[in-house]
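First comes the structure, then the notes that go with it.
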Protein chains: 2
Amino acid sequence: MNKKTTIYDIAEKLNITAATVSRALNNNPKISVATRKLVLDTAAEMNYEQNRLAKALKSGKSFNVGVIVPRINTNFFGSVIRGIEEELYPEGYHIIICQTHDEKELELGNINSLLNLQVDGILMSISNTKHDNNDLFKNVLKKNVPLIFFDRSKNIPGVSSVTIDDFKGAYEATQHLIDQGFKRIAHISNDQKLEIFKNRYAGYKQALLDNGLEFDESLVLESWSKVEQGKEVAKTFLDMKNPPDGIFSSSDFSALGAIQEIKERGLRIPEDIGVIGFSNEPFTKLMELTITTVDQSPIEMGKLAARVFLEEVNNSKRIRSERKVVLDPELIIRQSSLRNK
Amino acid sequence: MNKKTTIYDIAEKLNITAATVSRALNNNPKISVATRKLVLDTAAEMNYEQNRLAKALKSGKSFNVGVIVPRINTNFFGSVIRGIEEELYPEGYHIIICQTHDEKELELGNINSLLNLQVDGILMSISNTKHDNNDLFKNVLKKNVPLIFFDRSKNIPGVSSVTIDDFKGAYEATQHLIDQGFKRIAHISNDQKLEIFKNRYAGYKQALLDNGLEFDESLVLESWSKVEQGKEVAKTFLDMKNPPDGIFSSSDFSALGAIQEIKERGLRIPEDIGVIGFSNEPFTKLMELTITTVDQSPIEMGKLAARVFLEEVNNSKRIRSERKVVLDPELIIRQSSLRNK
DNA sequence: CATATTTTTGCAATCGATTACTTAATGTTA
DNA sequence: TAACATTAAGTAATCGATTGCAAAAATATG
């Protein structure tokens, strides 16, 4: 069978050494124009392609970057990855994608696999599992592999991160509901072990307090980012003696579930109840009743994470600097909350 | 700085050879129980992790697989990739993802990059650019790298593929519209250079003919898979002297665009006009007016593509067999087409 | 034309892991 | 205890590309 051509094959054919071939291919100045041309022509003719594995082994740089996300088939993570790729591809990097499915074991396995693969860096959004210790991450740093968190971050010395200001996003969303005249605003929260949801909760609460509204803990319920779950939570809210007239959800999916439940009960949105989601998933704009939400500019987030990575690998290895990039969220006001036109 | 530990480091520490260390780590039987334990313990203690680059170079197998898709941030491709990963990860493979953005240059570059990276196989959905010749793909085969097409395929000897029966999906969708009493059915098509769209067109046409309905070429228009484009096309349809009363779109996105335009004109769906999309994108189920569509079981498709790949790498290299797996599409009937409850 | 200088090429080690082949160290048997 | 078998560990080559150093060839200089 047709094996791959190596520089040795070219060398043999031309009766020269592999070293010369290598130099010719790498535009090394210490070589005659004639030989270079000869080598280049022969290489093309023999269909030569560099073995990047060998080069990586020799140079200690694989030009591969690992990207770890909870799951790949949501618009948000898909877009972040797209952003990362757009930034890294022109620099010659390739990305290796792993999913954790929010499982600790997989997360651990993925990180180790990526290190084995000699990736030049790891960009990740941590899973929502309890991380008892940070040894796992420190281990990455010890090996001198840049580690960058995006979206779901964790405060670890030496680890850069790119996140959005979840507090601000939540605050503005809640403030908007208040401005629209909603008085009793509930919050569909999510796993408080994750910073992002903790911050959204905090932003919501602060907005209420700053506006002199009562903060009622019974109006905050946790739910997974699922339509069905949102529906369930909405049921609980609507069955209350004193039900809310506004819902700020930490997820578009649960916001949609809530909307469905509200409509099924014959209540009108936004006239009776206002609803806001989080993430700007595509469907929020496509619905008949478009949903107000908070945009996290995922592509931009991916690009920034990639740039932080590039900074870290290109800068002198001696300096371990740490960057915390925080993106501004953007409140996208749509029909589900806009009562005063 | 803390460099990565190699088998030489372990060997040196224990005053033995790297060969012994390697054997101990690989459970080679030719080694004493005592030494093995010693090596294993020391390896753990020194935080040793295998350099898969070196192993790959030596063995000629990288355990990396390249996946090329037009874009990653749509539910369909994201899900296919998820399926591929689910099947390959347990076998020890990692996935390197590339996007073509439907650009020929990028597609070419991606393939070459992946070959350079010494991937063990390439799974791809070809871009909708004109492929004048198949040299590109033949080149991959020549290098003995299994190549598998999924969804967007091309008939090339030696290349396996996993697709859905687009003809059948289109046929059933059209038949369903006919069964619901729609008489004048239009088709929003797409780039006829791609097999999938050609087949959907053909399935649509055949269903009309089989039911004794007139096939009117002016009722077929091409459009990108975009909401806006679908709207434009719908305008053309609705402005006709004799407008259609049913639309079968080759894409969910253009179907949605059409729906928006239809509604804006005060027409009712499905009473006045029935609409069917293609792909079962999540939003089709989430809308207030749920959209009838054709499911392509993307996760299953990814898994099958992965299995075909595994078959090819594991089977004796001598035999180059070629598999054409065709999945059955599933018509998901929802409100946008269901007139007779 | 001889020597000095510059170019061009070759030699050999290296990156880290694996493995056929040897050698050394045990164990077994008569 | 000698002769042989078995087991454990070492030697060195290999995968493909790169690169410091040395050698050879080409060119310049007096």
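The set of residues from the stretch A:29-57 being more than 10 Å from DNA strand C (Cβ to nearest atom) and out of contact with any Phe, Trp or Tyr (no Cβ under 9 Å at 6 or more places or on another chain) comprises A:Lys37, A:Leu40, A:Asp41, A:Ala43, A:Ala44, A:Glu45, A:Met46, A:Asn47, A:Tyr48, A:Glu49, A:Gln50, A:Asn51. In the set (1) in contact (Cβ under 8 Å) with a residue 60 or more places away in the chain; (2) surrounded by 18 or more Cβ atoms within 10 Å (Cβ to Cβ); (3) within 14 Å of chain A (Cβ to nearest Cβ), the condition left unmet by B:Asn144 is number (2).
Name every residue in the stretch B:234-261 that is more than 21 Å from B:Gly169 (Cα to Cα), surrounded by fewer than 24 Cβ atoms within 10 Å (Cβ to Cβ) and out of contact with any Pro (no Cβ under 6 Å at 6 or more places or on another chain), in order of residue number. The answer is B:Lys235, B:Thr236, B:Leu238, B:Asp239, B:Met240, B:Lys241, B:Asn242, B:Pro243, B:Gln260, B:Glu261.
Within the stretch A:171-204, if we keep just the residues that are in contact (Cβ under 8 Å) with a residue 60 or more places away in the chain and of a type in the set (Gly, Ala, Ser), the residue that is nearest to A:Ile262 (Cα to Cα) turns out to be A:Ala186. Does B:Asn26 fit the bill of being more than 9 Å from DNA strand D (Cβ to nearest atom), surrounded by fewer than 17 Cβ atoms within 10 Å (Cβ to Cβ) and not assigned by TED's automatic domain parsing to the domain that holds B:His94? So B:Asn26 passes the test.
Residues in the stretch B:177-201 that are open to solvent by 40 Å² or more (accessible area, probe 1.4 Å) and either in contact with a helix residue (DSSP H, G or I) (Cβ under 6 Å, 6 or more places away or on another chain) or not basic (Lys, Arg) (or both): 5 in all. Per this entry, A:Gly78 is counted among residues that are at the interface with chain B (Cβ under 9 Å from one of its Cβ atoms), within 22 Å of A:Asn110 (Cβ to Cβ), more than 16 Å from DNA strand C (Cβ to nearest atom) and assigned to a helix (DSSP H, G or I). Contact annotation: residue pairs with Cβ atoms under 7 Å, 6 or more positions apart or on different chains, pairing a residue in the stretch A:25-38 that is in contact (Cβ under 8 Å) with a residue 24 or more places away in the chain and more than 14 Å from chain B (Cβ to nearest Cβ) with a partner that is more than 6 Å from DNA strand C (Cβ to nearest atom) and open to solvent by less than 60 Å² (accessible area, probe 1.4 Å), are A:Leu38/A:Leu14. For the stretch A:282-320, a residue qualifies if it is touching a residue at least 60 places away in the same chain (Cβ under 8 Å), out of contact with any Gly (no Cβ under 9 Å at 6 or more places or on another chain), closer than 11 Å to A:Pro146 by Cα and open to solvent by 30 Å² or more (accessible area, probe 1.4 Å), and exactly one does: A:Lys317.
Among the numbered conditions (1) within 14 Å of chain A (Cβ to nearest Cβ); (2) part of a helix (DSSP H, G or I); (3) at pLDDT 95 or above; (4) over 23 Å from B:Asn75 (Cβ atoms), the only one that B:Ile259 does not meet is (4).
Collect the residues in the stretch B:181-206 that are closer than 30 Å to B:Glu271 by Cβ and out of contact with any Leu (no Cβ under 8 Å at 6 or more places or on another chain), keeping them in residue-number order. Selection gives B:Gly181, B:Phe182, B:Asn190, B:Phe197, B:Arg200, B:Tyr201, B:Ala202, B:Gly203, B:Tyr204, B:Lys205, B:Gln206. Assess whether B:Ala11 counts as being within 10 Å of DNA strand C (Cβ to nearest atom), outside the structural domain of B:Asp120 (by TED's automatic domain parsing) and either open to solvent by less than 40 Å² (accessible area, probe 1.4 Å) or over 29 Å from B:Asp120 (Cβ atoms) (or both). Considered against the rule, which asks whether it is within 10 Å of DNA strand C (Cβ to nearest atom), outside the structural domain of B:Asp120 (by TED's automatic domain parsing) and either open to solvent by less than 40 Å² (accessible area, probe 1.4 Å) or over 29 Å from B:Asp120 (Cβ atoms) (or both), B:Ala11 comes out as yes.
Table: residues versus (1) small (Gly, Ala, Ser); (2) open to solvent by less than 50 Å² (accessible area, probe 1.4 Å); (3) within 16 Å of DNA strand D (Cβ to nearest atom); (4) closer than 17 Å to A:Leu136 by Cα.
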{"position": "A:Thr35", "(1), (2), (3), (4)": "no, yes, yes, no"}
{"position": "A:Ala44", "(1), (2), (3), (4)": "yes, no, yes, no"}
{"position": "A:Lys61", "(1), (2), (3), (4)": "no, no, yes, no"}
{"position": "A:Thr74", "(1), (2), (3), (4)": "no, yes, no, no"}
{"position": "A:Ile96", "(1), (2), (3), (4)": "no, yes, no, no"}
{"position": "A:Thr100", "(1), (2), (3), (4)": "no, yes, no, yes"}
{"position": "A:Glu103", "(1), (2), (3), (4)": "no, no, no, yes"}
{"position": "A:Gln118", "(1), (2), (3), (4)": "no, yes, yes, yes"}
{"position": "A:Ile122", "(1), (2), (3), (4)": "no, yes, no, yes"}
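Return a yes/no flag: does the stretch A:238-252 have any residue that is modelled with pLDDT of 95 or more and part of a helix (DSSP H, G or I). Yes - at least one qualifying residue is present in the stretch A:238-252. Of everything in the stretch A:1-23 that is of a type in the set (Val, Ile, Thr) and within 14 Å of chain B (Cβ to nearest Cβ), the residue that is farthest from DNA strand D (Cβ to nearest atom) is A:Thr5. In a residue-by-residue description of the stretch A:18-28, the property of being part of a loop (DSSP other than H, G, I, E, B), near DNA strand C (Cβ under 7 Å from one of its atoms) and hydroxyl-bearing (Ser, Thr, Tyr) applies to no position. Within the stretch B:154-176, the residues that satisfy the criterion of being open to solvent by 20 Å² or more (accessible area, probe 1.4 Å) and at pLDDT below 95 are B:Lys154, B:Asn155, B:Pro157.
The values are calculated or read from the model by the stated rules, or taken from the named source; none is laboratory data. This structure is a prediction, so every number in the text was calculated from the model and none was measured. Every residue, glycine as well, gets a Cβ built from its backbone with ideal geometry; the counts of neighbours run over all protein chains shown. All accessible areas refer to the heavy atoms of the entire protein, side chains included, with ligands and DNA or RNA removed. Shrake-Rupley method; radii C 1.70, N 1.55, O 1.52, S 1.80 Å.
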